[in-house]
Structures are given as structure tokens and as C-alpha cells.
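Visitor: I'd like to ask you about the structure that follows.
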Amino acid sequence: MRRSASPLHAVRAAVGCALCAVLALPALLFDSPLVLGAVVAAALAVGSAAGAGRQLRRALLFGLPFALVIALLNPLITRNGLTVIAQLGEAPVLGRVDVTLEALVYGAVLGLRALGLILCCALYAAVVDPDEVLRLFRRVSFRSALTATLATRMVPVLQRDGRRMADAQRCRTGVPPSRVALVRAVAAGALDRAVDVAAALEVRGYGAARRPPRVRAPWSRHDIAFATVTVTLLALTLGAWLADLAAFDTYPLVHGDWGAGTWALSAALVLLPLLPFLDRRGIEPRAAALQAAWGRR
């Protein structure tokens, strides 16, 4: 991510993660093209307001081919639907291909849903500091980041050990050892290496480190504003889903709810996340300090 002078970059990581997750939730719960289009528009609008419009546009160009492939494959694979719009004859693997309007529309729905999820993930990557996210998990386990780093580093090392031992076994005459013997040898080497790494970490003081006291930073006005918007969007989304608002079905015939409630939900998804951007008090000094700290890394 790149630091930017925006209220969204000034909020804590938990609030930013919650906002991105709530924006992606309607894409998972609803099939209405209007709601899915609102998710896409909301992600692009929030990213542009946060100064990450370039990253979101790049993600949009990246996701469009995937959405198009999904939209075109579904009518070729799915046989559901009553309105046949094209008869393509016999295909070697697919059999008789009859393209229906309902399958074409549902393919477009799936492609739009995938595009909305891609943009929400891109928004998360553009506006949420990954170091702050790691600090959130650090509260659960003090050594979780170190453990994950060492485990990730050890995987290719163990793979190389296994390949070298397999090559050495093939060079020996006689009956080659079994795979169980190879796994036993690799596991024994892994345990020996783990003991060595633990000893090295203990020498460097990792074992004596104490959990630092938790400092509870006060919530800023931007934290409160985005958290309020997130809770409101979550309540609206779940309420509309439980009330079967914005219902949309494609099989056996295409029909959906295009009433005022669907339009109101879609407008809320786009407009509510933009309201906290109206308050920019205290953003420029904080952004300058964060940018200086980011440049020193």
C-alpha cells in the first residue's frame, strides 16, 4: 500500500478491514445485478476518494477478462433455462449446446460478482497497512509472526533436503530405500535444524522477550465515522437479505425485484462509505508523519 492523505488511511487496521469485508458481503449474498454493480461502483468510488484510484483501475483491468470468461463459459456449460436464444449443435465434450437467455444472464451475474470481490480485495490491499494487520494477530500470539516466517522459510529448505537425499539414494547400488525411509530422514533433519534455530534464537534473546504492555490508542473521529458507516452498511445488508429485498432469480425464467427498496440499497452501498471522506480535519499532518515513518523503513 501507499500512504495517502485520506481519512481512510488514517483509521486503524481493524476498521479498514471491517469496511472492506462489509463492502464485499453484498456480493456474496445477493444475485441482483443492480446490487452487484453497486458493489463495484462503491469499491471504485472509495478507492478514488482514498487516493488509490490508480490501483483500483489496475485491478479493474485485471478482473475484467476473468469476469468475461466466467460470463461466456456459463451458458456453454449450463443447460438450465427455458428461453433458447442460440443452438450451436453438437460439441465433442459438451454434447448438444443450446444457449439460453437465463444461463447467459446468470453468467453475467457470476462475472459481476467476481469483479466486485476482486475490487474489494484490491481496496483492502491499497488502504490497509499490512504491518498493522500483523499487529492485530500479534495480540493473539506474541510469536505468531516469527513462527509463520520461520515455517515459511523452512518449507523450501526441507524440499531441497528431500531432493538431495533422493538423488543420493538413486546413486547407491542395490534395492533403493522406501519413501518411508526418505520421509524419516527428512523429518530427523528437520528436528535437528529446529533445535539449532531455537538455540540461535535463544542466544539472541527471543526467549527472554516479554510481551510489551498493550497501549490502547484512543479512537479518532475518522475511526468512529468509518466504524459507524460499517455497522450501518452491515445492518442494511443483513436486513435486506433477511427481508428478501433485491431478490433476483434466473432459472427457469429471469425475474427480479427492481423496486424502490433495491435502488435504495444500491444507493446506500455507494454513498454511505463516501460520507466520512467529507471530514478531512487532521489528515494532512498525520499523513505527513506516516509518510515520513514509511519512508524510513
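Visitor: What residue, of Asp244, Asp223, Asp279, is among the acidic types (Asp, Glu) and modelled with pLDDT under 90? If you could, list the steps in order and put the result at the bottom.
Guide: Working: Asp244 fails: modelled with pLDDT under 90; Asp223 fails: modelled with pLDDT under 90.
Selected residue: Asp279, the only one of Asp244, Asp223, Asp279 that is among the acidic types (Asp, Glu) and modelled with pLDDT under 90.
Visitor: I'm trying to understand the selection: among the residues of the stretch 244-265, which are of a type in the set (Asp, Glu) and either in contact with a Lys or Arg (Cβ under 9 Å, 6 or more places away or on another chain) or in contact (Cβ under 8 Å) with a residue 60 or more places away in the chain (or both)? It would help to see each step written out before you state the result.
Guide: Within the stretch 244-265, the first condition is being of a type in the set (Asp, Glu), and the residues that meet it are 244, 249, 257.
Within the stretch 244-265, Asp249, Asp257 meet the criteria.
This table checks each residue for (1) outside the structural domain of Gly239 (by TED's automatic domain parsing); (2) modelled with pLDDT of 95 or more; (3) crowded, with 18+ Cβ neighbours inside 10 Å; (4) of a type in the set (Asp, Glu).
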position	(1), (2), (3), (4)
Ala24	no, yes, yes, no
Ala38	no, yes, yes, no
Ala41	no, yes, no, no
Arg58	no, no, no, no
Ile70	no, no, yes, no
Arg79	no, no, no, no
Thr83	no, no, no, no
Gly89	no, no, no, no
Asp129	no, no, no, yes
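Visitor: From the list Val11, Val97, which one is farther than 24 Å from Gly259 by Cβ, touching a helix residue (DSSP H, G or I) at 6+ places or on another chain (Cβ under 7 Å) and either surrounded by fewer than 20 Cβ atoms within 10 Å (Cβ to Cβ) or among the polar types (S, T, N, Q) (or both)?
Guide: Working: Val11 fails: either surrounded by fewer than 20 Cβ atoms within 10 Å (Cβ to Cβ) or among the polar types (S, T, N, Q) (or both).
Answer to the selection: Val97.
Visitor: Consider the stretch 253-284. How many of its residues are loosely packed, with under 13 Cβ neighbours inside 10 Å, over 21 Å from Val109 (Cβ atoms) and among the small types (Gly, Ala, Ser)?
Guide: Adding up the residues that qualify gives 1.
Visitor: Of everything in the stretch 176-192 that's modelled with pLDDT of 75 or more and charged (D, E, K, R), which residue is surrounded by the fewest Cβ atoms within 10 Å (Cβ to Cβ)?
Guide: Applying the filter and picking the extreme gives Asp192.
Visitor: Return yes or no: is Gly259 closer than 28 Å to Val22 by Cβ and modelled with pLDDT of 90 or more?
Guide: On the way: closer than 28 Å to Val22 by Cβ: yes; modelled with pLDDT of 90 or more: yes.
For Gly259, the condition - closer than 28 Å to Val22 by Cβ and modelled with pLDDT of 90 or more - is met.
Visitor: Before we move on, is Val155 at pLDDT 80 or above and part of a helix (DSSP H, G or I)? Break it down into steps so the answer makes sense when it comes.
Guide: Working: at pLDDT 80 or above: no; part of a helix (DSSP H, G or I): yes.
When the stated conditions are applied, Val155 does not pass them.
Visitor: Also: Here is a check on your reading of the model: is Val69 closer than 19 Å to Ala10 by Cα, part of a helix (DSSP H, G or I) and of a type outside the set (Asp, Glu)?
Guide: No.
The values are calculated or read from the model by the stated rules, or taken from the named source; none is laboratory data. Bear in mind that the values here come from a model prediction, so they are computed numbers and not experimental data. A quick note on method: Cβ atoms are made from the backbone with ideal geometry, for glycine too, and the neighbour counts reach across all protein chains shown.
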